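Shown next, in structure tokens, is the structure this report addresses.
The values are calculated or read from the model by the stated rules, or taken from the named source; none is laboratory data. These numbers were taken from a predicted model, which means no experiment stands behind them. Counting neighbours? That spans all protein chains shown, and the Cβs are built from the backbone with ideal geometry, glycine included.
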Amino acid sequence: MAVLSKIRERSLFLIIIIALALFSFVLSGLFDGNMFNKTASNIGEVNGESISREEFAQQVEFYRMRSNSTASNSLNIRNAWNSLVREKIYATQLEKSGVVVGEKDVWDAIVTQISSQNGAQFANEAGLFDPEKLKEYISTLKDNSEEDEAGSTAWLSWINYEKGVKKNLQQNTYNALIRAGLGSTLLAGEEDYFFQNVNVDLDYVYVPFTSIADSLITVSSDEVKQYVKAHANEYTVKESRDLQFVQFKIEATEEDENAIKAELLEMIDDREEYSAAAKTNVTIKGFRNATDMDDFNGENESDIPYDPAYYNKGATPTIIVDSLFSLNKGDIYGPYIENGFYKLTKINDFKQLPDSVKASHILIPFVGSATADQTVTQNEEQAEKVADSILTVVKASAGKFEELAKDLSVDKVSGAKGGDLGWFVYKTMIPEFRDYSFENKIGDIGVVKSQFGFHIIRIDDQKNIQKNIQVATFSRKIEASEKTENDIFEKAETFASDITSGKDIAEHAKDQNLKIGTVLGLNVFDDNISNLGSQRQIVRWSFESTSEVGSIKRFDIDNGYAVVMLSSKNKAGLSSKGQNVRNILVNQKKAALISERSTGTTLDELAEQNNVIKRNSLAVSNASPVFAGAGRFTVIAGVVTALDENVLTKNIIGNNGVAFALVSKKTLPTELQNYNGNRKSLERFLNTRSLEIFEALKENSDIEDNRAVFY
């Protein structure tokens with residue numbers, strides 16, 4: 001944004017201000033006691049064992065490195081917390097069980113890992129895995145850990161890898177103990193077989209709850225509270241916050257766009273400008289006459305760098321392809337808008353190039369190249385001489401290319417195929433390789449250097465030779481000017497001031513044609529806020545003790561500002577908001593009402609009393625709980641399959657209604673000679689429940705979470 005240039009001009013001043021602000025923050029921490037508050041000295045506690053800030057920071061750093069810094073900080077914090085909680089819960093359980101995972105167990109697990117077994121650096125002269133080589137590798141990592149940041153990072157990664165192996169061993173060992181107790185017996189298998197396969201023919205009356213209007217049922221607030229209290233586990237909620245906010249986006253105005261367009265138009269031709277250094281007017285070369293486009297884009301601060309590549313019609317943006325390919329060399333197209341940028345494009349050159357190439361290569365590495373490992377000792381000059389020697393040999397005897405690729409190329413994948421890389425398109429390869437492959441002819445062989453080493457390239461085939469274009473494009477991102485930024489800031493500040501002064505946020509937003517956003521049930525560890533994205537700063541503010549209901553604050557967010565009002569503080573405890581308690585109680589009262597009025601002694605009388613019809617259904621079972629004419633009722637099927645024949649059973653309450661049934665025929669399944677298959681099936685089902693082991697352990701653990709104090 002335009003304001004960035006102002007920031008750069010005042011960088012020293014800003015550094016001083018930031019330093020003073022940080023110092024003030026530290027002092028405020030000393031005085032308010034937060035920095036040395038014993039209750040907040042640790043990130044958390046699991047079953048009496050603390051999670052220190054240092055331990056937690058290391059784990060967060062591990063997840064940051066593992067994601068190559070692509071994951072958000074909030075995600076890394078959440079992953080670190082879950083990992084440490086899991087580790088400590090299992091450690092507690094293993095200690096209680098008397099199970100110890102020792103160093104030898106960890107080492108045995110490491111040496112059996114595929115990554116260890118297949119690591120070339122861990123193989124002996126016979127090509128077999130050698131544990132001593134692995135020990136040497138670990139020792140080298142430790143020795144290099146104090147030399148530089150890369151060595152320290154590599155050692156930390158290894159330590160975390162060892163910890164990960166140990167954690168997996170601990171968890172798998174404990175889970176195996178639990179699963180050992182989740183077996184089944186032949187008797188249980190037999191019982192399950194009969195339970196699933198007993199089927200009944202029956203006459204029945206089904207009265208759905210929907211047959212009684214909700215308006216006829218009254219549920220008091222006291223009844224709701226009593227139900228919630230009786231089902232506390234289902235209705236316990238965490239502390240939360242409700243917010244309302246108005247977003248003020250910093251976006252370019254039409255005036256800003258016109259100014260950018262005018263800037264590009266002025267840039268096309270040479271112009272005279274006064275030079276303070278020369279004390280006279282000098283000629284500034286324009287876009288049309290510039291010859292070094294990389295230099296031109298750099299000097300004029302193009303927002304997209306110069307791309308010297310060639311493109312055919314299929315690779316050129318559709319909105320400009322016809323226009324560009326109809327121009328002559330040196331012609332200029334634009335200014336035009338594409339993907340949020342104003343652009344000027346000049347035709348540099350045309351070439352006839354294939355759209356795809358089939359090539360082979362032999363790759364020779366050197367110390368420092370991307371493909372070099374510890375076995376590579378030759379420097380760049382030596383590697384180039386080797387590549388030139390290979391080039392001489394394959395030019396003299398083309399048949400030796402495949403053999404040399406297999407023996408000498410560091411690219412083992414293509415080397416195994418005689419260097420064959422197959423077919424590839426223009427953008428697939430790095431520029432040096434691409435340019436040689438596409439700009440030379442079938443059968444040509446040459447050497448090019450890249451970041452990976454020296455490539456001896458043979459062009460095997462080419463397809464679809466066609467016209468390609470090379471363009472020079474200057475780009476300016478369409479963004480708000482400094483004036484627009486200031487206007488938006490003033491608008492956000494004024495809005496915040498008006499709300500603070502007593503105006504209603506919703507009405508004031510409507511008056512100014514602004515959209516108001518609402519966030520309900522914001523938790524202390526949440527990160528995202530509606531369409532504002534990741535906003536931990538707002539979440540933290542809403543949970544601060546100084547933030548009261550009705551508090552207003554303006555926040556700087558990506559590409560603008562947000563004026564936020566804390567509209568509600570919701571305490572932790574029991575709440576009926578999570579589920580519709582009223583519906584549950586309404587259905588209970590409907591079931592009681594149906595039972596009360598159903599005094600008949602036959603199904604016909606019961607059907608008449610409830611204004612429904614009597615139905616008949618055949619072969620209802622727990623495996624197939626379908627009632628003809630009514631639907632699928634699992635709960636009711638579980639009851640009727642256990643009934644005796646010719647006994648009227650009333651008031652069978654299901655999920656959505658009440659049933660009355662008379663079983664006319666009950667059929668037992670054929671006895672089996674062996675119920676081992678059923679036992680195994682039941683055992684498999686029980687084993688799937690072992691996946692819930694950790695959640696059960698977590699639910700019964702004493703966990704104190706202080707992350708919100710620090711993050």
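Tabulated results
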{"read-out": "Filter result for the condition that a residue is aromatic (Phe, Trp, Tyr), more than 26 Å from ASN706 (Cα to Cα) and surrounded by 14 or more Cβ atoms within 10 Å (Cβ to Cβ), over PHE525, PHE543, PHE495", "value": "PHE495"}
{"read-out": "LEU186, sole failed condition from (1) surrounded by 14 or more Cβ atoms within 10 Å (Cβ to Cβ); (2) closer than 30 Å to VAL620 by Cα; (3) in contact with a helix residue (DSSP H, G or I) (Cβ under 6 Å, 6 or more places away or on another chain)", "value": "(1)"}
{"read-out": "Checking TYR333 against (1) free of Cβ contacts under 8 Å to residues at least 60 places away in the same chain; (2) exposed (fewer than 13 other Cβ atoms within 10 Å of the Cβ), the condition it does not meet", "value": "(2)"}
{"read-out": "Any chance THR377 is surrounded by 16 or more Cβ atoms within 10 Å (Cβ to Cβ) and modelled with pLDDT under 90", "value": "no"}
{"read-out": "Segments classed as strands (runs of 3 or more DSSP E), wholly inside segment 548-622, with at least 2 members that are within 46 Å of the chain's Cα centre (by Cα) and among the hydroxyl-bearing types (Ser, Thr, Tyr)", "value": "560-570"}
{"read-out": "Looking only at segment 310-326, and only at residues there that are part of a loop (DSSP other than H, G, I, E, B) and surrounded by fewer than 16 Cβ atoms within 10 Å (Cβ to Cβ), the one that is modelled with the highest pLDDT", "value": "SER326"}
{"read-out": "Any hit, segment 209-226, residues being closer than 30 Å to GLY533 by Cα and in contact with a helix residue (DSSP H, G or I) (Cβ under 6 Å, 6 or more places away or on another chain)", "value": "no"}
{"read-out": "Positions within segment 186-206 being assigned to a helix (DSSP H, G or I) and either over 44 Å from the mean Cα position of the chain (by Cα) or under 17 Å from ILE636 (Cα atoms) (or both), in sequence order", "value": "LEU186, LEU187, GLU190, GLU191, PHE194, PHE195, GLN196, ASN197"}
{"read-out": "Considering residues of segment 291-309 that are surrounded by fewer than 19 Cβ atoms within 10 Å (Cβ to Cβ) and of a type in the set (Gly, Ala, Ser) only, the residue nearest to LEU264 (Cα to Cα)", "value": "GLY298"}
{"read-out": "Segment 207-248, residues that are of a type in the set (Val, Ile, Thr), at pLDDT 90 or above and not in a helix (DSSP H, G or I)", "value": "VAL207, ILE212, ILE217, THR218, VAL219, VAL246"}
{"read-out": "Selection within segment 61-86 - crowded, with 18+ Cβ neighbours inside 10 Å, among the charged types (D, E, K, R) and in contact (Cβ under 8 Å) with a residue 40 or more places away in the chain", "value": "ARG78"}
{"read-out": "Pair list, Cβ < 8 Å and 6+ apart or interchain, from segment 679-708 residues that are over 18 Å from TYR90 (Cα atoms) to residues that are among the hydroxyl-bearing types (Ser, Thr, Tyr)", "value": "ARG679/SER184; ARG679/THR185; LYS680/SER184; LEU682/SER184; GLU683/SER184; LEU686/SER184; ASN706/THR39"}
{"read-out": "Conditions (1) touching an Asp or Glu at 6+ places or on another chain (Cβ under 8 Å); (2) outside any helix (DSSP H, G or I): number failed by SER681", "value": "(2)"}
{"read-out": "Residue in segment 258-279 that is without any contact (Cβ under 8 Å) to a residue 60 or more places away in the chain, among the acidic types (Asp, Glu), surrounded by 12 or more Cβ atoms within 10 Å (Cβ to Cβ) and out of contact with any strand residue (DSSP E or B) (no Cβ under 6 Å at 6 or more places or on another chain) present", "value": "yes"}
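Matching residues to (1) of a type in the set (Val, Ile, Thr); (2) closer than 12 Å to ILE459 by Cβ:
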site: LYS395; (1), (2): no, no
site: LYS400; (1), (2): no, no
site: LYS417; (1), (2): no, no
site: LEU421; (1), (2): no, yes
site: PHE424; (1), (2): no, yes
site: GLU432; (1), (2): no, no
site: LYS441; (1), (2): no, yes
site: VAL447; (1), (2): yes, no
